[in-house]
Protein chains: 6
Amino acid sequence: MDSKTVGILKGVSTATLTTVLLKKGLRNVWLRGTKPIRPGQERLVGPAFTLRFTPAREDLATPASWASPISTRAAIEAMPEGCIAVADAMGVLDAGIFGDILCARMAKRGVAGLVTDGVMRDAAGVLGTGLPIWCDGIAAPASVAGLTFVGWQEPIACGGVAVFPDDIIVADDDGAVLIPAALLDAVLAEAPEQEVQEAWIMTEVDRGVPLPGLYPMNDETKARYAAFREGQ
Amino acid sequence: MDSKTVGILKGVSTATLTTVLLKKGLRNVWLRGTKPIRPGQERLVGPAFTLRFTPAREDLATPASWASPISTRAAIEAMPEGCIAVADAMGVLDAGIFGDILCARMAKRGVAGLVTDGVMRDAAGVLGTGLPIWCDGIAAPASVAGLTFVGWQEPIACGGVAVFPDDIIVADDDGAVLIPAALLDAVLAEAPEQEVQEAWIMTEVDRGVPLPGLYPMNDETKARYAAFREGQ
Amino acid sequence: MDSKTVGILKGVSTATLTTVLLKKGLRNVWLRGTKPIRPGQERLVGPAFTLRFTPAREDLATPASWASPISTRAAIEAMPEGCIAVADAMGVLDAGIFGDILCARMAKRGVAGLVTDGVMRDAAGVLGTGLPIWCDGIAAPASVAGLTFVGWQEPIACGGVAVFPDDIIVADDDGAVLIPAALLDAVLAEAPEQEVQEAWIMTEVDRGVPLPGLYPMNDETKARYAAFREGQ
Amino acid sequence: MDSKTVGILKGVSTATLTTVLLKKGLRNVWLRGTKPIRPGQERLVGPAFTLRFTPAREDLATPASWASPISTRAAIEAMPEGCIAVADAMGVLDAGIFGDILCARMAKRGVAGLVTDGVMRDAAGVLGTGLPIWCDGIAAPASVAGLTFVGWQEPIACGGVAVFPDDIIVADDDGAVLIPAALLDAVLAEAPEQEVQEAWIMTEVDRGVPLPGLYPMNDETKARYAAFREGQ
Amino acid sequence: MDSKTVGILKGVSTATLTTVLLKKGLRNVWLRGTKPIRPGQERLVGPAFTLRFTPAREDLATPASWASPISTRAAIEAMPEGCIAVADAMGVLDAGIFGDILCARMAKRGVAGLVTDGVMRDAAGVLGTGLPIWCDGIAAPASVAGLTFVGWQEPIACGGVAVFPDDIIVADDDGAVLIPAALLDAVLAEAPEQEVQEAWIMTEVDRGVPLPGLYPMNDETKARYAAFREGQ
Amino acid sequence: MDSKTVGILKGVSTATLTTVLLKKGLRNVWLRGTKPIRPGQERLVGPAFTLRFTPAREDLATPASWASPISTRAAIEAMPEGCIAVADAMGVLDAGIFGDILCARMAKRGVAGLVTDGVMRDAAGVLGTGLPIWCDGIAAPASVAGLTFVGWQEPIACGGVAVFPDDIIVADDDGAVLIPAALLDAVLAEAPEQEVQEAWIMTEVDRGVPLPGLYPMNDETKARYAAFREGQ
C-alpha cells in the first residue's frame, strides 16, 4: 500500500468511512467488539493479513502445537512490513490469542498493528511492546485453552465482518472499519471531501444554525458551502 | 423542573435513590448498559425527553431520511432547555445514534445531557462538544446502518426500564436511574435523610463497629443515631 | 497461607499460572467477567472465602433481610484476615453486591480483597475504602434488587469456575485465576522457572531472533537457555 | 386488503418473498424468533395491526392496568377483521403477552392471526381458541410480570424488523416476513413467477441435472425454461 | 405434602398460579428455560428436592467422581417418594445432567418428576423410563463434561428463580412455577376460585361480550358473575 | 469409510461416544445447537465434508454470487457419496444455508446427511427431499442475506467444535458428535462394550438395585457383570 494512500486515510475518521461506504450500499463494514487497547492510539491504516482460529480440541490445542508448521509463530514470520494482522478469534473472550513474546516479534518485523475480535493476554507485557492493538479485552489463559490456530491469509470473519486478505483496515477511537480492496479508489475520491463538509457544518452549528436544512444540507446551505469552498 | 429540586437531587447518589425506590416496591428503575462516556462527569439531573428508534429497514433508514420531518434533527429542535434526552436504541451496539454535529447542537440548545442504551459515534468529536453523555460505548457506523428513528416524547424502553416523558432522570458514576414523575415528592422527602444516615454509619465503621446491629440499625444504634442528629 | 507462598505467587503473573495449570490438564481456572475496579491495583494473592447468592425473590430479598442471621453482614464478620472474598453473583450485572459500608468493614477486618463475577454499587464510596476489588462493573441498585444471599464457605461458581473454600486466588491486570488447593505445591515448584524462561525469551526476541525454534524452544535454544541459567 | 392479493400471496412461500425482496435491496424483513405455535398452520396473509410493549414498571404494570383506556383490551376492540396483530414484546420470553381469553376475543372479532417476538401464556387454552399464532414459545406469567402495554398502531420493532401499521405480513412454516406497503405491487408482480421457476428447477434436479448452470440459470437453461413456459 | 393439596393444585394451571402470586407481590416465580420433555405430560405437583451443580473442573468433574459420597447417585438415594427433584444446572446446555440409568432409578424410588434449567442426555433412554421431566433440551455429553455436582437440599437457583427445599413446584405445558412454602395456604385459598372465574369469562367471550368491563370485571359484570356462582 | 465401521457406529449412541471420548481427555466433541430436523431420523454415520461461511458483505453475498466458482453449488458437486456435509454457519439463525433445490441435489448425489450450526430455509421443501438433516431451526431468508460462502474441505468451527475434513460424525436424537479421525480405532474398540455394560446396568436398576456401587461399578458389581458377560 503506497504511502500517499496511507496518508489520505490517516486523515479520515472511521465514522466518515462508514458513511461513505453506506452510500455505496455497504452497511456491515465495522468490526464489532474491538477497541483500542490503550487510549490515544493514533489512527491505524494498512492492508489486512488474516489469521484464523477454530475452537480448541484437547487433542490439537496444546502447548506442543505451538511448534507445528501451521502455528501462530509461522504466520508471524510470514507477515510483511506495514500490514495489519487481523485475527478471527470467533469472539472468544476467555483465551488470549497473543502475549508479550508474539507481540514483541510482530513489532520487530514492522507489523503496523493487530486487530482482533478476541482478547490479549499478559496485558502489562503486551503494552510494553508498543504494538498498536485493537481487541476486546484481556484474559490470562493462553490461546490453546480455547482456540486452535488453523491458517493465515484466508477469508475470515472478524467481529461479524467478512475480511479477505488485502482488504484495507482503518482503526481509530471508534473501532476498526474494513474497506473492500475493490472500493478503495472510490473511497479515496470521496472521503476527504466528506470530512471537509462535516467540519464546515460544525462551524455552522457553533454559529447557532439549527439542524434542519443544515445537516443534511438543503439547496440554500449547499450554495453557502460552495461559496465557502471556493473562498478557500 | 425547579432549581431547588435539581439542587436536592444533585446531592443524592443513584445508589441511594434505588434504595429509596426499592422500599416503595420499585425494583426496575436502573437503566442497564449506560455508563458515563468520560470519567468525572458530575451528577446529572433533569426531566426525560424521550427519543425512539426501531431497527433499520433499507427502504427507510438512509442518509436521505435525515431530512424527513420525523428525524433526529427535528426532535433536537423540539428539546427544551434543561431536559435530558433519553434515547431508546434497543441496546444496539453497532450503530452510533449521534455524532459530533448533533451533540454540538444539543449543547447549543441547553440540553442538560444525553442518556442512551445505545452507542455514540465519532468519539473524539462528541467529547469535544462537552455534552454530558451516558451511553454503552462507541461505534463508527451512523444510526441508519442499524436503526430507524420513529418519534419523540413517547413512552420508551431504555436499558430495560420503561421511561415516560417527564419522568426524572438522575445519572452519576453508578449509571442512570429513573424516578417516576408521580413519586418525585416522596423521593425528595426521604432521600436526603438516607444519605445522612449512611454517612453516619460510615463513620461508625471507621471507628471499628461491626456490621450486625449497625447496618441495618437495631434499636440501640437508632438511639445513638438519633442523638447524633439532635446534636447537629 | 504463609507469607513465603504469598511472596512467591506475587511474583508470578496470572498468564503464567494458567499455562502451568494447562500443562496439568486444567483449562478452566480463569474467572470470566471480573476485572480490576481501578488501574494499577497490585497483584492480589490469598485463600478464597466464598459467598453465595441466588436470584431475588420478593418475599426474601428485602432490606429487612439484611438483619437476618444468614446475611452478607454475618458473612463479613466471619472472614479471617488475609482471605480473599469470592462472591458468586451468578454474573448478575444490574444489582451491586456491596457498597461503601460493607467494603469499609471488610477493609477494617484485614480482608485482602474481593473478587466477584457480579458488580459493585456506589463506585465513588467503594473506591474510597481502598479495598482491592475485581468485579464486572458498577450498578446503582442494592443486591436485594436482584439477588438473595444464601450462605458462605460453600462450593460456588464464579465466572464459570468452580471455587471451593481455601482454593488459592491470584488476581492481576489479566483477571483472577484459581489454583486448586491440592495443586498449590506443584504450581509453586514450576511457576517461577516459567517466568524466568519467558523473560529470557523476550530478550532473545529483542535481539531479533525469529519465533520458530525459540518459542517453544527447540534443543539448540534449550542449550543456550541452560547456559544462560548456569551463568546467572 | 383485497381478496385477490391475499390469494396470490397465499401461494407464495416466505422463502420466495425474502428472495424477491433481497433483489430489491431489503435484507432485513424476516422476523426473528417467531414460529408457528402448532405444526400445520396454513400460510397467513394480512395487513399488520401493531401493538407495543415496554418493560414492566411495578407502579404501572399491574393487574389493575388491564382496565386502563390504554390497554391490550382496548387495542383488541380496535382491530379490524382480517388484520394480523403484530406485537412488539421486545423478545421477552418470561411473560406471556396474551392467554386464552384475549385470543378468544380476537378470534371472535375475525382477526386473521397474531405474530409476536414474545410468548403466549396458558398454552392449552390458547390452542383451544383456534387463533393462528406465530410466537417464540410459552410462559406462565402474565404480561404485567415483565411488560407494560403502551399503545397500538404505531411503528414497532418485532424480531429485529421495523413494522409500520398496514405493512403486509406473510407467515408460514419458515416464520413471518414483512412486505413494506410501498413495495406490495412490485412483489405481487414478481413473486409468483419466481415460484414457478423454482418448481421447474426442482424437476430438473429430479432428472439429475447438476447445479452449476441450472441454479442460477445460465443462458442455455434460461432458453430451456422459456420453452417450458411457452409450452404451458 | 398431603394428597388433598396435590389434588387441588392439579386442578390449577401454572398461568393462574402466577397471577395469584403476582397479586401478592411475587413476579419472579416462573422457572425460565424448562419445558415438558414430551407433549401431553400431565400437570406435576410436589415439594422440591434440590440438587446443585457448579462448573466442571478437570480435577473434580471426572467419571471417577460418580463414586464419591457427594454424588448425584447418593442424592437420588436420599429422595423421598413424591418429591420433585429440582436441579440447578446453571442453564448449561451442553452437558446432560442425567441419562437413562439415573432417571430409571428415580422412577423406581417413586420420585414424582424432575425439573431443571439444564438438559438431559440419552433422550431415547430417558423417555423410556417414563419419568416426567421438565428440562431445556438434550445433549449427548455427560454432566462431568461441563458440571461438578456439589450437594443437595440446599437453596439453589433454577431458571432464574430461588428455590429452597420444600418449596412447592407445579409444572405443566406452560412450564414450572414455584410456590414459596410459606404462601401455600394463601394460594390454595384463592387459586381455585380464580380458575372458575376465568372459565366463566371464557363463556362470556364465546357469547360475544367485548373485553372492556368483562376482563377485568367491572361492577356490573361482578354482579352477573356473583349471580352465576349463586346459581351453581 | 468402510461399511463395517459404519455398522458398528450405527449401534452406539452419541451419549456413549462422548463418555468414551471424555475418558481419553476430549470434553469438547458435541456440536452445540444442532438437532434433528424431524423426529425419528435414524442414527447418521459418516466422514465430514466441510463447508465454510463468513458474514455477509453486500458487495459479495448476492444472488449473483451463486454462479461463482467458489459457491455452495460447486461444493455440492464435489461431495462424495456417503459423506456428511458439515457446514460452519457461525451459528447464524436468520439466514437459511440451503433450501429444497440444494438439498434435493445432495440427496441425488448420495450424500448421507447434512449437519450445521445454522438453519435451513423452505422447511416444507427441504423435508420433501428426504435428506437427513441436523440443524438449529428454520428461517426464510437465503444464505446471502447473512452469510458469504468461502470454501470447502477446510478446518471449520461447527457448534463450538473444531471439525477437520474426514473426521467422523455420528448424529442421533442427542445431536451430533465428532470422532477425531486419529481416534476412530480406539473408539471402535471400546464403545460397543460400553453400550453392553450400560444396558446390563439398566436391567439391574429395573431389579431395584440402588445406584451406589452399581453405577459406576464397584468390585462386587464388576464380578457380577463379568459373570453375566461370560454367560452370554
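Each reported figure results from applying straightforward, stated rules to the coordinates on display, with no laboratory input. On a predicted model such as this, the values are computed, not experimentally measured, just so you know. Please note: Cβ atoms are built from the backbone with ideal geometry, for glycine as well, and neighbour counts cover all protein chains shown.
Is the shape of the stretch A:59-147 best called rounded, prolate or oblate, per the rule: a/c under 1.5 gives rounded, else a/b larger than b/c gives prolate, else oblate, with a ≥ b ≥ c the square roots of the Cα gyration tensor eigenvalues? Intermediate results must be reported in sequence, preceding the final value.
Details: a/c = 1.59, a/b = 1.17, b/c = 1.37.
It is oblate, given that a/c is not under 1.5 and a/b is not larger than b/c.
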Inset, instruction - One decimal, nm, shortest first: give the distances between the label point of C:ALA78 and those of the same position in the other copies, each label point 7 Å from Cα along Cα→Cβ. - result: 1.8, 5.6, 5.7, 5.7, 6.2
Inset, instruction - May I ask you to evaluate 6.51 cos²θ - 1.76 cosθ + 1.60, the Karplus curve with θ = phi - 60°, for each residue of the stretch A:180-196 and list the ³J(HN,Hα) values in order in whole Hz, giving x for glycine and proline? - result: x, 3, 5, 9, 4, 4, 4, 5, 4, 6, 9, 5, x, 4, 4, 5, 4
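In the stretch D:24-110, which GluC sites (Glu not before Pro) are in a loop and have at most 12 other Cβ atoms within 10 Å, using DSSP for the loop call?
Working: sites: D:GLU42, D:GLU58, D:GLU77, D:GLU81; in loops: D:GLU42, D:GLU58, D:GLU81.
The qualifying sites are D:GLU42, D:GLU81.
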Legend entry - Scattering curve values for the stretch C:92-232, log₁₀ I(q)/I(0), Debye with Cα scatterers, q = 0.21 Å⁻¹: -1.28
Legend entry - Inter-copy label distances at C:LYS222 (7 Å, Cα→Cβ; nm, one decimal): 3.6, 6.6, 7.3, 7.3, 8.7
Legend entry - Percentage of interatomic Cα-Cα distances in the stretch F:1-108 larger than 23 Å: 41
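Of B:LYS24/E:LYS23; A:LYS24/D:LYS23; C:LYS222/F:LYS23, which sit over 22 Å apart, Cα to Cα? Each step should come with its number before you reach the end.
On the way: B:LYS24/E:LYS23 16 Å; A:LYS24/D:LYS23 16 Å; C:LYS222/F:LYS23 34 Å.
Over 22 Å apart, Cα to Cα: C:LYS222/F:LYS23.
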Inset, instruction - Choose one answer from D:LEU178, D:LEU17, D:LEU102: the residue with the largest mean-square fluctuation in a GNM of chain D with alpha-carbon springs under 10 Å. - result: D:LEU102
Legend entry - Lys/Arg +1, Asp/Glu -1 at C-beta; the stretch B:3-182 dipole; positive extreme among B:ALA107, B:THR19, B:ALA48: B:THR19
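Which net charge results when you count Lys and Arg as +1 and Asp and Glu as -1 among the other residues whose beta-carbon is under 11 Å from that of A:VAL187?
On the way: positive: A:LYS23, A:LYS24; negative: A:ASP185, A:GLU190.
My count for the surroundings of A:VAL187 gives 0.
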Inset, instruction - Tell me the trypsin sites (Lys or Arg not before Pro) within the stretch C:170-232 that lie in a loop according to DSSP and have at most 14 other beta-carbon atoms within 10 Å. - result: C:ARG207
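Quick one: net charge of A:ILE76's neighbours, Cβ under 12 Å, K/R +1, D/E -1?
On the way: positive: A:ARG73, A:ARG105, A:LYS108, A:ARG109; negative: A:GLU77.
Neighbour charge sum, excluding A:ILE76 itself: +3.
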Inset, instruction - Once you've got the GNM for chain D with C-alpha springs shorter than 10 Å, pick whichever of D:ALA124, D:ALA171, D:ALA48 has the biggest mean-square fluctuation. - result: D:ALA124
Legend entry - Cross-link pairs E:LYS108/F:LYS35; B:LYS35/C:LYS4; D:LYS35/E:LYS10 - those with Cα-Cα distance over 32 Å: B:LYS35/C:LYS4
Inset, instruction - Would you mind classifying the stretch D:3-182 by shape? Square roots of the alpha carbon gyration tensor eigenvalues, ordered a ≥ b ≥ c; an a/c under 1.5 is rounded, otherwise it is prolate if a/b is larger than b/c and oblate if not. - result: prolate
Inset, instruction - Please work out whether the protein assembly as shown counts as rounded, prolate or oblate from its C-alpha gyration tensor, where a ≥ b ≥ c are the square roots of the eigenvalues and a/c under 1.5 means rounded, while otherwise a/b larger than b/c means prolate and anything else oblate? - result: rounded
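Excluding F:GLY146 itself, what net charge comes from residues whose Cβ is under 10 Å from its Cβ, given Lys and Arg +1 and Asp and Glu -1? Write down the numbers at each step before the final one.
Details: positive: D:ARG27; negative: F:ASP94.
The answer is 0.
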Inset, instruction - Quick one: among A:GLY25, A:GLY99, A:GLY46, which has the greatest mean-square fluctuation in a GNM of chain A with alpha-carbon springs under 10 angstrom? - result: A:GLY25
Legend entry - Rotation relating F and D, chain D residue nearest the axis via C-beta, angstrom: D:PRO39, 6
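What value, in deg cm²/dmol to 500, does the helix sum -39500 (n - 2.57) over DSSP H runs of n ≥ 4 give at 222 nm once divided by the residues of chain C? Present the calculation step by step, with values, prior to reporting the outcome.
On the way: 7 runs with 76 residues, N = 232.
Here the helix-only value at 222 nm equals -10000 deg cm²/dmol.
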Legend entry - 7 Å along Cα→Cβ, label-point gaps from B:ALA67 to other copies, nm, shortest first: 3.7, 5.3, 6.7, 6.7, 8.0
